[in-house]
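The structure appears below as C-alpha cells.
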Amino acid sequence: MKLGRFITLEGCEGVGKSTNLRFVETLLAERQVDVVVTREPGGTELAENIRQLLLTKHHENITPEAELLLMFAARSQHIQHVILPALQRGAWVLCDRFTDATYAYQGGGRNMGTETIAWLEQTVQGDLRPDLTLLLDAPVETGMRRARNRGLLDRFESEQLDFFDRVREAYLQRAHLYPGRYAIIDAASPLSEVQRQIRKAIDDLYAR
Ligand code: Z5A
C-alpha cells in the first residue's frame, strides 16, 4: 500500500530539472515532509551501473530495443529497492525523470511508439504512477544552450536537434493526455518565475 506521494521532474536536457529538484526538496523540507530524492536511470547500485552503460558512448551501437530494456531493467531495481519502500513508509519520493522520459526519448526520440512501452510499464510498475509530474518545458535550443555550456556531451546529449524536437513533442502530448497529473512549467522564464509556478503545483498537491 502506498502512503507517501510520488513526484517526478521531466523535460528535455538543460531545462533546469536538477536546479529545481533541489528547490522542491527545500519546499518539502519547509513542510517537514520526509523526502527521498532520487533519479532515473539510476537510484540503486545496479541501476547506476546501467546508467553508466546508457550514457557512455560505445564503439558498439546500442539498439533502440536494448536501450528501452535497459531503462526498464534499471527502473525495476529502483522501484523495488527504493521507490516502493519509501512510499510504503509514508515518505515522499522526488525523482529526476521516470517513465514519461521513456515515452518521450525512446517512444518519441527513437520513434519506437508507445505499445511496447505501455506493456513494459504495466509489467514493471503494476499500478505505480507519479502523483504529480512537473514538466519543465522550454524551446529545445534554450535547454541545449544551457546544458552545452558544461562541456563534454554524453550519448543522449550528442543527438541532433530533430531528436529533441520529437522528445519535446512527445512530452507535451503526454501532458495533454494526463492533465490531472501533469503541471507544465514554463522553463524558459527566469528562475524566480519557474519556481513560483512549481511552488503553486506543490501547494496544490499538498492540498489534495
Ligand atoms: N533517459 C531516457 O532516454 N529514457 C528514460 O526513460 C530516462 C532517461 C529515465 C539522463 O540524463 C538521460 O537519460 C537523459 C534522457 C535519458 N538524457 N538527455 N538528454 P539526465 O536526466 O541526468 O540529464 P539531462 O537531461 O541531460 O539533464 P541536465 O542536462 O543535467 O539538465 P537539467 O538538470 O534539466 O538542467 P540543470 O542542470 O538544472 O540546468 C542547466 C543550466 O541551466 C544550469 O547552469 C542552470 O543554472 C541553468 N538554468 C536552470 N534554470 C534556468 C532558468 N530558468 N534560467 C536560466 N538558467 C537556468
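Pairs only if they're at least six apart or on different chains, beta carbon under 7 angstrom, first in segment 50-66 and closer than 16 Å to ASN111 by Cβ and touching a residue at least 24 places away in the same chain (Cβ under 8 Å), second open to solvent by less than 80 Å² (accessible area, probe 1.4 Å) and basic (Lys, Arg); list them, first residue then second.
So the pair list comes out as PRO64/ARG110.
Just checking, which of ALA188, ALA183, ALA104 is open to solvent by less than 30 Å² (accessible area, probe 1.4 Å) and either touching a His at 6+ places or on another chain (Cβ under 6 Å) or within 9 Å of the ligand (Cβ to nearest atom) (or both)?
Exactly one residue qualifies, and that residue is ALA104.
Given the conditions (1) open to solvent by 90 Å² or more (accessible area, probe 1.4 Å); (2) under 30 Å from HIS58 (Cα atoms), report the number of the one that ARG199 does not fulfil.
(2)
Only one residue in GLY113, GLY109 is open to solvent by less than 20 Å² (accessible area, probe 1.4 Å) and farther than 30 Å from ASP203 by Cβ. Which one? Steps first, answer last, please.
Values: GLY113 fails: open to solvent by less than 20 Å² (accessible area, probe 1.4 Å).
From the options GLY113, GLY109, the qualifying one is GLY109.
Could you check segment 26-43 and list, in sequence order, the residues that are of a type in the set (Ser, Thr, Tyr) and within 28 Å of ALA73 (Cβ to Cβ)? Steps first, please.
Just the residues of segment 26-43 that are of a type in the set (Ser, Thr, Tyr), to begin with: 26, 38.
Passing the criteria: only THR38.
Just to check your reading of the model, which residue among GLN122, GLN197 is within 11 Å of the ligand (Cβ to nearest atom), part of a helix (DSSP H, G or I) and out of contact with any Cys (no Cβ under 9 Å at 6 or more places or on another chain)?
GLN197
State which residue is nearest to LEU172 (Cα to Cα) when the search covers only segment 184-206 and only residues that are of a type in the set (Gly, Ala, Ser) and touching a residue at least 12 places away in the same chain (Cβ under 8 Å).
ALA187
Take the residues in segment 2-15 that are modelled with pLDDT under 95 and within 9 Å of the ligand (Cβ to nearest atom), then tell me which one is farthest from ARG75 (Cα to Cα). It would help to see each step written out before you state the result.
First, pick out the residues of segment 2-15 that are modelled with pLDDT under 95: 2-3, 13-14.
Narrowing further to those that are within 9 Å of the ligand (Cβ to nearest atom): 13-14.
On the way: GLU13: 20, GLY14: 22 Å.
Among them, the one singled out is GLY14.
Could you grab the pairs with beta carbons closer than 7 Å, sequence gap of 6+ or different chains, first residue in segment 9-20 and among the acidic types (Asp, Glu), second one part of a helix (DSSP H, G or I)?
GLU10/ASP100; GLU10/ALA101; GLU10/TYR171; GLU13/GLY143; GLU13/MET144; GLU13/ALA147
Name the residue that is surrounded by the most Cβ atoms within 10 Å (Cβ to Cβ), counting only residues in segment 125-141 that are more than 9 Å from the ligand (Cβ to nearest atom) and part of a loop (DSSP other than H, G, I, E, B).
It comes out as PRO130.
For segment 142-177, give me the residue count where each residue is open to solvent by 80 Å² or more (accessible area, probe 1.4 Å), more than 13 Å from the ligand (Cβ to nearest atom) and either among the charged types (D, E, K, R) or in contact with a helix residue (DSSP H, G or I) (Cβ under 9 Å, 6 or more places away or on another chain) (or both).
3
How do the helices (runs of 4 or more DSSP H) wholly within segment 16-96 filter down when requiring 3 or more residues that are closer than 25 Å to GLU157 by Cβ and either open to solvent by less than 60 Å² (accessible area, probe 1.4 Å) or within 13 Å of the ligand (Cβ to nearest atom) (or both): which remain?
The qualifying helices (runs of 4 or more DSSP H) are 17-30, 45-55, 64-78.
The values are calculated or read from the model by the stated rules, or taken from the named source; none is laboratory data. Nothing here was measured: the structure is a model prediction, and the numbers come from that model. Because the Cβ atoms are built from the backbone with ideal geometry, glycine has one as well, and the counts that use them run over all protein chains shown. These area figures cover heavy atoms from the full protein model, side chains too; ligands, DNA and RNA do not enter into them. Shrake-Rupley method; radii C 1.70, N 1.55, O 1.52, S 1.80 Å.
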